1. If you average 1/r across every pair of different Cα atoms in region 87-234 and take the reciprocal, what Kirkwood value do you get, in Å?
2. What span do the alpha-carbon atoms of region 263-308 cover on each of the three principal axes, reported in whole Å from largest to smallest?
3. Just the Cα atoms of the chain: what Rg and Dmax do they give in Å?
4. Sequence neighbours fewer than 8 away in the same chain don't count; with that in mind, list the lysines whose C-alpha is under 26 Å from residue 253.
5. Where Rh denotes the Kirkwood radius from the mean inverse Cα pair distance, what is Rg over Rh for region 25-131?
6. Picking from 112, 156, 135, whose Cα lies most toward the positive end of the charge dipole for region 77-165 (charges on Cβ: Lys, Arg +1; Asp, Glu -1)?
7. Starting from the amide H of residue 253, placed 1.01 Å from N in the peptide plane, find each other amide H under 5 Å away whose residue is 5 or more places distant or on another chain.
8. Quick one: net charge of residue 112's neighbours, Cβ under 13 Å, K/R +1, D/E -1?
Amino acid sequence: MQNPTQANKTVIITGANGGLGYYCAEAIARYGQDWHIIIASRNPSKVDEAVRNLMTETEYPYIEGMALDLASLASARQFVQDFINGERPPLQAIVCNAGIQIVSDALYTEDGFEMTFGVNHLGHFLLVNLLSPHLSDRARVVFVSSDAHNPDVNTGMPHPRYQDAKLLAFPADYVDDTDIGNTGRTRYTTSKLCNILCAYELSRRLQKQQSKITVNAFNPGLMLDTQLGRDYSQAELSAFSTTISRTVLEKAKDSKAMGSALARLILDPSLDNVTGKYFDGLEEVQSSDESYNEKQATELWESSAALVKLSPRKAMLLQ
Ligand SMILES: NC(=O)c1ccc[n+]([C@@H]2O[C@H](COP(=O)([O-])OP(=O)(O)OC[C@H]3O[C@@H](n4cnc5c(N)ncnc54)[C@H](OP(=O)(O)O)[C@@H]3O)[C@@H](O)[C@H]2O)c1
């Protein structure tokens, strides 16, 4: 065990009690050495267990669990307050990794937003905005997206359908609109498009302010060894695996390897000045045409700020 005073920068990883986020935390613990790692997730007992396991497996002591439910604006605000009140090394990175895919029904957050959009996009949007004044000068922010956001990539998933942010937040208001793609898997791919639109928009806003903070998006590719598909019934899972081609299945990734690739976006010194990019594993690639639509990104940003009631004083920091 090392001396706890050695940690000199903090990384917050959402949804890191399992799956991709857990392995991202593990890679930072193994290779980062001087990081204070915060596992931010919704289930306190799972978070405690993950922290214990990570400490044991890596023999790295600077790992902390904090409660964060991205389906609750109050929880995101409380998380930030708790973070500010604590004494930790400067905030050097945020990894917006937590994600859900709900196929059984339309669920809603405690604030009344459709759950997939609420957790995958709005919760992270609020979190990053509220934490932004506390980021170090050369901090890094990463949004975990998915190649399922891209209609030109064969993932077996439906194409995203982005019309406007309010429609995604309150799809029930638009029940008569047959063209909103209101199914769980479409909501998921659309939320993953939002992650990239949001990453690019934040990167542009920071660049306009001459900030050295970088923001990038990440695609781990299909990983069959995580819990993302937990809401699928056996029948739905078999239907999915028969609709996707063998080549898609053969290209499935291992979440441990992808966790390291995600950690690299935080750790690699050669990425110090790289911002507004999309990484497919270790490789920087183009994201979908739609993800570069600046008008759409601005609308998403401004509507999201209104939806989460971001106070102009705080929002101003990123205008
Ligand atoms: N698996 C894939 O094939 C794949 C492909 C492309 C992209 N991705 C992306 O990779 C990221 C990680 O997914 P994964 O595959 O590792 O899935 P996972 O094993 O289900 O992990 C998701 C994590 O998010 C947490 N989470 C869910 N809802 C939350 C909430 N309301 N507040 C806070 N944390 C919450 C979960 O906590 P609990 O354990 O408490 O539920 C869990 O720790 C997601 O953004 C996903 O979209 C995955």
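1. On the way: mean 1/r = 0.0614 Å⁻¹.
One over the average 1/r among Cα pairs gives 16.3 Å for region 87-234.
2. Result for region 263-308: principal-axis Cα extents of 35, 24, 17 Å.
3. Rg then Dmax for the chain, in Å: 18.5, 61.
4. 46, 192, 277
5. Working: Rg = 14.7 Å, Rh = 14.8 Å.
Ratio of gyration radius to Kirkwood radius for region 25-131: 0.99.
6. The one lying farthest along the dipole's positive direction is 135.
7. So residue 253 has HN proximity to 222, 223, 224.
8. Numbers: positive: 166, 309; negative: 110, 111, 114, 173.
With Lys, Arg at +1 and Asp, Glu at -1, the net is -2.
Read-outs: derived from the displayed coordinates by stated rules, not from any lab. No experiment lies behind these values; they were computed from the predicted model shown. Heads up, the Cβs are rebuilt from the backbone with ideal geometry, glycines too, and the neighbour counts pull from every protein chain shown.
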